[in-house]
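The structure under discussion appears below in the form of structure tokens.
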Amino acid sequence: MRKGFWILLIVLLAGCSDAPAPQSHNAQIFVFGTLVDITLWDVEEGLHEQAIAAISRDFQTMHHEWHPWNPGPLVSLNQALARGESAEVPESLLPLIVGSQQLYRLSDGLFNPAMGDLLKLWGFQSSARPQGPPPAAELIGQWLQSAPGMDDLTLQGNRLSSRNPAVQLDFGAYAKGYAVDVAIGRLRELGIENAIVNSGGDLIAIGSKDGEPWRIGIQHPQGEYKTLFAWLEVADGEAVFTSGNYERYREDQGVRYSHILDPRTGRPVDGVTSVTVIHDNGAIADAAATALVVAGPTEWERIASQMGIEYVMLVDDAGTVYMTGKMQQRIHFQQEPVQVLISE
């Protein structure tokens, strides 16, 4: 990766000492193909174990029921849609479908969970990193002709049908955000007021750390994940989500193809390294970060406005940073970007 490229990863800034604070309880859960870090602050002894166990159960259930290629409820639902049949939707999937349909429309279809077959075509419905040449142009063209979208779905009560058998649901750009929302809700139910749930760099913070706002760092890849690029303070209940082309990709003959696909072209997005957004809802932040990567430098402002996202930072492949004015007020750069362009 050449100089001038930034990878944006969200991490909890440590204090001056490497030793954990006495009032801090930390745990990790591996789910959704990533590590989920849970930090609880100022929690009475024993309650933290109950909280971690409850979140772990919730996450494992969601992982099974939402998985797009391992046998489970979502796979069964997709099989029914492909046969042209209506099917009963499990309760845990209903909010994902309803929420995704709304965000699909607000994003002009740039966030499109109906394109599971396109993800599969590119090899991204797999736990292993895909290798080899990209799919043939004619196969991509066939998918584009079918043009599956969330508006093809009709939900009546808890039964789902599709007018387009090409719809195959994959909530990879939404489920993690929704799951973190669920985890935060679980903590609040248990009376825990100060915590961060961080799923592979995407997080929601509640309360504070000893009365001070949680401070989140954005790291620079050229520093081997040790060099601080920027930081921001996170208010109670805020979600900070980043989507980018650096973690998951297909590689062939030295060329990397991002796992973020543009439903308008059927091909991976290029020209954008990452998008970071702040919102008060993790699921919306997750979907918006993906949609804005697809929108790119020319359309991100319009799509962000339609989706109600006020805090956005987009970094393109040249290292130029595009930000809303509100995000500019939140971000503190430790290293000056190549160029910063502010949108009001």
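What the table below lists for this structure:
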{"read-out": "Wholly enclosed strands (runs of 3 or more DSSP E) of region 263-342 bearing at least 3 residues closer than 16 Å to residue 202 by Cα and within 17 Å of the chain's Cα centre (by Cα)", "value": "272-279, 311-316"}
{"read-out": "Candidates 100, 76, filtered to the one that is crowded, with 19+ Cβ neighbours inside 10 Å, modelled with pLDDT of 95 or more and assigned to a helix (DSSP H, G or I)", "value": "100"}
{"read-out": "Test: residue in region 196-216 that is without any contact (Cβ under 8 Å) to a residue 40 or more places away in the chain, loosely packed, with under 15 Cβ neighbours inside 10 Å and over 27 Å from residue 106 (Cβ atoms)", "value": "yes"}
{"read-out": "Residue check, residue 256 assigned to a strand (DSSP E or B), touching a strand residue (DSSP E or B) at 6+ places or on another chain (Cβ under 9 Å) and without any contact (Cβ under 8 Å) to a residue 24 or more places away in the chain", "value": "yes"}
{"read-out": "All positions within region 133-157 that are touching a strand residue (DSSP E or B) at 6+ places or on another chain (Cβ under 8 Å), in a loop (DSSP other than H, G, I, E, B) and either under 25 Å from residue 105 (Cβ atoms) or open to solvent by less than 20 Å² (accessible area, probe 1.4 Å) (or both)", "value": "148"}
{"read-out": "Region 112-132: number of residues that are open to solvent by 60 Å² or more (accessible area, probe 1.4 Å) and touching a residue at least 60 places away in the same chain (Cβ under 8 Å)", "value": "3"}
{"read-out": "Selected residue (criterion: farthest from the chain's Cα centre (by Cα)) from residues of region 158-189 that are of a type in the set (A, V, I, L, M) and assigned to a loop (DSSP other than H, G, I, E, B)", "value": "166"}
{"read-out": "Test: residue in region 262-283 that is open to solvent by less than 10 Å² (accessible area, probe 1.4 Å), within 22 Å of residue 321 (Cβ to Cβ) and in contact with a Lys or Arg (Cβ under 8 Å, 6 or more places away or on another chain)", "value": "yes"}
{"read-out": "Residues of region 18-60 classified as modelled with pLDDT under 85, open to solvent by less than 40 Å² (accessible area, probe 1.4 Å) and closer than 24 Å to residue 176 by Cβ, total", "value": "3"}
{"read-out": "Residue tally, condition assigned to a helix (DSSP H, G or I) and either in contact with a His (Cβ under 7 Å, 6 or more places away or on another chain) or hydrophobic (A, V, I, L, M, F, W, C) (or both), over region 103-128", "value": "5"}
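The values are calculated or read from the model by the stated rules, or taken from the named source; none is laboratory data. All values reported here derive from a predicted model rather than from experimental measurement. Every residue, glycine among them, receives a Cβ derived from its backbone with ideal geometry; neighbour counts consider all protein chains shown. Ligands, DNA and RNA are excluded from the accessible area calculation, which covers all protein heavy atoms including side chains. Shrake-Rupley method; radii C 1.70, N 1.55, O 1.52, S 1.80 Å.
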